[in-house]
Every structure is written in structure tokens, then in C-alpha cells.
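Written out below as C-alpha cells is the structure these notes cover.
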Amino acid sequence: MSLNYQATRYRCSWPWEIGVMLCDGRMVCGCADPYAKRVLGDARTSTIAGIWTGPVASQLRADLNSGGSSFCGDCPLKLPMGPDQAIPQRDLTVAPIPRRLYIECTAACNISCHQAICAPETGITRTRQAGMLDFDLFTKAIDEAGPTLGRIDFFNYGEAFLHKRAVEMCAYIKTKFPHIYLYTSTNGLAFTEEKVRQLARSGIDEVTFSIDGSSQENYVKYRQRGNFDKAIAAMRALLDERASSGSAAPFVNWRYILFTWNDSDEEMGRARQLAGEYGVDRLCWEITDHPEDAFSRRFAPDAPDYQLIRNEIWDNSGLGNAIPGATPRAEIEVHAVLPDLPFMTRASSTVPLTARVRNLSSRPFRATSNQGDGRRVVRLGAQLTDERGVVIDRDHARAWLPVDLGPGRTVDVKIDVPSPARPGKYGLKFDLVSEGIDWFESCGSPTVTRGLWVR
């Protein structure tokens with residue numbers, strides 16, 4: 001039912017982009033629905049396409065184009081809009097399959113996180129009509145959606161790898177549809193060493209280990225009934241198996257939620273040291289405002305110390321990294337005879353330029369990817385801006401690095417920049433981009449802007 005939400009208007013892109021399948025086969029809207037209040041349909045009795053283009057999802061999209069829907073209820077994914085903001089109008093005709101899909105293997109968990117909404121004692125498992133995702137239902141959904149899916153998030157509520165066939169499910173996805181980017185998040189405690197090594201060999205692209213501390217004493221205050229050494233051992237075994245195979249995949253994250261008991265320089269510094277020693281790709285801090293009696297006041301967004309780790313926070317950038325020197329930084333110098341003057345060109349022409357790029361971080365910039373998807377390949381980008389510096393086209397021009405660029409090394413990169421068809425004064429903002437992840441500027445790397453005058 002449509003409602004008038006003039007006082008509390010909001011927008012949301014989830015019903016256009018991302019589907020979520022629970023362990024009982026029902027599909028809900030958004031990953032923030034622990035108790036299955038917003039059900040779009042049931043994959044046990046319908047197809048993914050039938051649900052995604054069905055009456056419930058279609059009405060929800062129409063309602064959101066009007067500013068809100070009673071279906072959304074208390075969903076925290078809603079993005080509030082001011083009274084003067086125009087409501088985004090999205091196409092109501094959608095592809096039959098979402099581009100991205102969350103798959104929940106189970107809502108059960110092997111630990112009890114302090115005051116977490118998904119802790120076993122909250123009764124979350126009683127809201128599911130099945131304890132574990134049926135393997136045949138899983139393969140049916142993957143076979144239907146796989147050809148056009150771009151990404152699968154292999155987790156939701158619960159610990160995915162409590163499912164006895166979870167690793168087999170990952171291998172099934174990557175064997176049948178290797179183009180799908182497969183990501184999972186785990187506490188690491190459900191693995192045997194052989195199972196986590198099998199996961200490393202499954203073809204999975206990225207694994208996040210949630211380990212909130214660098215000692216058992218502090219880790220277990222949130223991850224109650226958890227075992228720090230076991231979680232670390234699982235992460236190390238996966239890294240070891242990856243190294244033995246000579247592959248760059250899976251990319252391994254260590255995500256660390258900050259609380260009052262684990263936000264000291266000593267505890268965080270030990271995590272930095274261990275992550276570097278083990279070969280973890282990325283260590284990031286996560287800022288939370290829950291539980292009320294436990295979240296880190298030291299690193300709250302309005303606290304002075306927040307700025308010390310701003311570029312190392314999970315949600316602030318796809319590239320920020322708490323491992324010393326691992327956050328990517330580059331120095332870019334654009335060659336010109338007179339560096340203070342703008343580049344002059346004609347409309348609809350090409351400006352050939354050369355930029356000198358220096359790697360200021362401790363990790364190499366990869367010019368190629370052995371995964372074949374181009375993800376995390378580093379390229380030089382020229383963003384087109386207006387005269388005031390407002391970005392018009394973030395993907396205006398790209399150029400490949402000629403070689404992998406090691407720490408402290410410098411290379412010249414040639415880039416052909418098209419000029420706009422319309423005469424006027426513009427700017428070119430040069431930055432490096434880790435393809436499929438983020439621009440270096442997002443984690444504090446300096447950019448260079450030059451004028452572009454088009455006749």
C-alpha cells in the first residue's frame with residue numbers, strides 16, 4: 001500500500017540492485033532484516049526472476065519513487081531526504097535478476113556477540129523456516145541467477161560456515177560461473193584446517209575475518225565463547241594455502257570493531273604488527289555506536305583521535321589500511337612546458353599527456369591481475385571537472401601502468417585525454433584508481449589538477 005511520506009521521505013536503491021535470500025529460501029529486501037519482516041517472495045515456490053519482478057517488489061519500487069513505502073517499516077537502510085530534495089526517479093522496468101545477491105546459509109551462530117541483534121539468545125533462528133539452506137534449493141537459485149549475476153555475498157546473519165556444505169557451495173559458484181565475484185565474511189571459528197584450505201582453493205575472490213582484538217582477553221569480551229587463537233589460525237591457514245598456490249586470490253581482510261576495551265594503542269598496534277607478519281592484505285577498523293555501554297568513545301567520529309585513523313576505517317574507503325605503509329599513496333607530476341598554465345586544445349580532440357607516478361606506500365601497484373577480472377589493477381585516471389573543480393566525469397580517461405610499480409619506484413605513464421565537445425574552461429584531476437575498488441584520493445593520497453581550456 002502506498003503512503004504519503006512527505007514528512008519522512010527517503011530513498012533506497014536496494015530493490016533495484018541487490019537481492020537477499022534467507023536460509024529458508026525466502027527473499028527479503030535488504031541485508032538489515034534479521035527477523036524476516038520484509039519478505040518479497042519465496043524461492044521454494046517461485047523463481048528468483050518471479051520474485052524480483054513480482055507484485056511486492058514492483059509495488060515497493062513504485063512507492064519509493066513517490067518518497068516512501070509502508071513495506072519498509074523500521075529498515076535502517078533507508079536514506080532520509082530533506083524537504084527540498086527531489087525524489088530520485090528510477091526506472092520501474094528492471095532486469096529479471098538482480099546484479100548482486102546475498103546468500104544466507106544459516107542464521108545460527110557458534111558464538112554470542114555482546115548485545116548483537118543476531119546473537120543466538122535473541123531468537124533469530126526461530127524466525128527462519130529452515131535451519132540450514134537446502135543444497136538443491138541453493139543450486140537451483142544459482143543456476144537461474146548465475147549467468148547475469150555480478151557478485152554474490154556469501155553470508156548474511158549467522159556464521160555461514162556452520163553449514164556442512166558451505167565450502168562446496170563456494171566451489172559450485174566459482175566452477176559454474178567464474179565471472180561472479182564471490183565474497184564472504186566469517187568469524188573463522190567453524191573451520192577445520194582442511195576446510196579453510198579447501199576454501200582457499202575454491203576460487204573464492206575475497207574473505208573477511210571478523211576478529212575484534214589482538215588478544216584472547218579483549219577479543220572474547222565481544223565475541224563471547226570465541227577463541228582468538230583459533231580464529232587467527234584459520235586466517236593464517238588460508239593465507240598459507242594461498243601462498244602455496246601462487247595465486248593472488250582470495251584477497252584477505254581482517255576487520256576489527258573498536259570498543260572501549262580494544263581501542264588502546266597497545267592492542268591496535270599488536271593487530272597492525274600481526275597483520276603485517278601474516279601477510280594479511282588489509283586490516284581495517286570498524287566504527288560502531290552499539291552497544292551503548294561499549295562502543296569506542298576514543299574513536300567516535302566527533303572525537304579528536306578519529307582523525308588519526310580516518311583513512312584506516314572500513315566504511316570510509318575501499319583502500320584504507322591499518323597495516324603500516326599499506327594504505328596506497330602516490331605522487332603524480334604531469335609533464336608540461338609551463339606547469340602553471342592550462343592545457344589548450346580544440347573541442348572533440350585528444351590531448352596526449354605524460355604523468356610521472358611515484359609509489360609512496362610499502363606495497364606494489366599492480367599493473368596486471370592474475371585473476372583475469374582486472375579488479376585491483378592500478379591505473380592512472382584523469383577526471384574531468386568544471387572550472388570550479390566540480391567533477392563532471394570521474395571516468396573521463398584511463399591509462400595502464402607500463403609495469404608493476406614497487407614501493408618507492410617511479411614510472412612515466414602516457415595518457416590520451418579526450419577534450420569535451422563543448423568549448424569552455426575545464427579542469428583535469430589526476431589520481432590513481434584501484435579498479436573495481438576505489439580512487440586513491442579516498443584514503444588521503446594527493447591528487448593533481450590542471451586547467452583545460454577548450455576552443
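The values are calculated or read from the model by the stated rules, or taken from the named source; none is laboratory data. In this text, all values refer to a predicted model and were calculated from it rather than measured experimentally. With ideal geometry, Cβ positions are generated from the backbone for all residues, glycine too; neighbour counts draw on all protein chains shown. Ligands, DNA and RNA are stripped out before the accessible areas are found, and what is left, the full protein with its side chains, is counted by its heavy atoms. Shrake-Rupley method; radii C 1.70, N 1.55, O 1.52, S 1.80 Å.
Taken over region 95-113, the criterion of being buried (at least 17 other Cβ atoms within 10 Å of the Cβ) and part of a loop (DSSP other than H, G, I, E, B) is satisfied by I97, P98, E104, C105, A107, A108, C109, I111. Counting the residues of region 36-67 that are in contact with a helix residue (DSSP H, G or I) (Cβ under 7 Å, 6 or more places away or on another chain) and open to solvent by 40 Å² or more (accessible area, probe 1.4 Å) gives 2.
Small (G, A, S), surrounded by fewer than 21 Cβ atoms within 10 Å (Cβ to Cβ) and over 22 Å from A234 (Cβ atoms): does that describe A171? Spelling it out, it is not the case that A171 is small (G, A, S), surrounded by fewer than 21 Cβ atoms within 10 Å (Cβ to Cβ) and over 22 Å from A234 (Cβ atoms). Just one residue in the set I204, I211 is β-branched (V, I, T), more than 26 Å from F295 (Cβ to Cβ) and open to solvent by less than 10 Å² (accessible area, probe 1.4 Å); that residue is I204. Among the criteria (1) touching a Phe, Trp or Tyr at 6+ places or on another chain (Cβ under 6 Å); (2) open to solvent by 10 Å² or more (accessible area, probe 1.4 Å); (3) under 28 Å from A233 (Cα atoms); (4) β-branched (V, I, T), the one T127 does not fulfil is (3). Scanning region 341-376 for residues that are over 24 Å from E277 (Cα atoms) and open to solvent by less than 20 Å² (accessible area, probe 1.4 Å) yields T345, V351, L353, A355, V357, A367.
In region 320-349, the residues that are farther than 27 Å from A421 by Cα form Cβ pairs under 9 Å with partners that are aromatic (F, W, Y) and part of a loop (DSSP other than H, G, I, E, B), at six or more places apart or across chains, as follows: G320/W314.
For region 440-450, taking the residues that are open to solvent by less than 30 Å² (accessible area, probe 1.4 Å) and not in a loop (DSSP other than H, G, I, E, B), the one that is modelled with the highest pLDDT is identified as F440.
Scanning region 182-201 for residues that are surrounded by fewer than 21 Cβ atoms within 10 Å (Cβ to Cβ), free of Cβ contacts under 8 Å to residues at least 60 places away in the same chain and of a type in the set (S, T, Y) yields a count of 2. Being touching a strand residue (DSSP E or B) at 6+ places or on another chain (Cβ under 6 Å), surrounded by fewer than 19 Cβ atoms within 10 Å (Cβ to Cβ), without any contact (Cβ under 8 Å) to a residue 40 or more places away in the chain and assigned to a loop (DSSP other than H, G, I, E, B) is the requirement here; does D293 meet it? Considered against the rule, which asks whether it is touching a strand residue (DSSP E or B) at 6+ places or on another chain (Cβ under 6 Å), surrounded by fewer than 19 Cβ atoms within 10 Å (Cβ to Cβ), without any contact (Cβ under 8 Å) to a residue 40 or more places away in the chain and assigned to a loop (DSSP other than H, G, I, E, B), D293 comes out as no.
Among the residues of region 397-455, just one is touching a helix residue (DSSP H, G or I) at 6+ places or on another chain (Cβ under 7 Å) and of a type in the set (D, E), namely D431. Comparison of F228, F259, F251 shows that the only residue that is under 19 Å from V280 (Cα atoms), crowded, with 16+ Cβ neighbours inside 10 Å, aromatic (F, W, Y) and touching a residue at least 40 places away in the same chain (Cβ under 8 Å) is F251. G424 passes every criterion in (1) in contact with a Ser or Thr (Cβ under 9 Å, 6 or more places away or on another chain); (2) at pLDDT 95 or above; (3) not polar (S, T, N, Q) apart from (1). When L149 is tested against (1) open to solvent by less than 20 Å² (accessible area, probe 1.4 Å); (2) assigned to a loop (DSSP other than H, G, I, E, B); (3) of a type outside the set (S, T, N, Q); (4) more than 26 Å from G30 (Cβ to Cβ), exactly one condition is not met: (4). Meeting the requirement of 1 or more residues that are of a type outside the set (A, V, I, L, M), farther than 22 Å from G150 by Cα and over 24 Å from the mean Cα position of the chain (by Cα), the strands (runs of 3 or more DSSP E) wholly within region 367-438 are 378-386, 410-418, 424-434. Screening region 152-168 for residues that are open to solvent by less than 10 Å² (accessible area, probe 1.4 Å) and part of a helix (DSSP H, G or I) and picking the one that is nearest to P120 (Cα to Cα) gives A160. If you scan region 296-319, which residues turn out to be farther than 27 Å from S244 by Cα, outside any helix (DSSP H, G or I), in contact (Cβ under 8 Å) with a residue 24 or more places away in the chain and open to solvent by less than 30 Å² (accessible area, probe 1.4 Å)? S296, F299, I313, S317 - these are the residues of region 296-319 that are farther than 27 Å from S244 by Cα, outside any helix (DSSP H, G or I), in contact (Cβ under 8 Å) with a residue 24 or more places away in the chain and open to solvent by less than 30 Å² (accessible area, probe 1.4 Å). Being touching a Leu at 6+ places or on another chain (Cβ under 6 Å) and within 24 Å of Y183 (Cβ to Cβ) is a property that holds for W285. Scanning region 203-262 for residues being aliphatic (A, V, I, L, M) and not in a helix (DSSP H, G or I) gives a total of 8.
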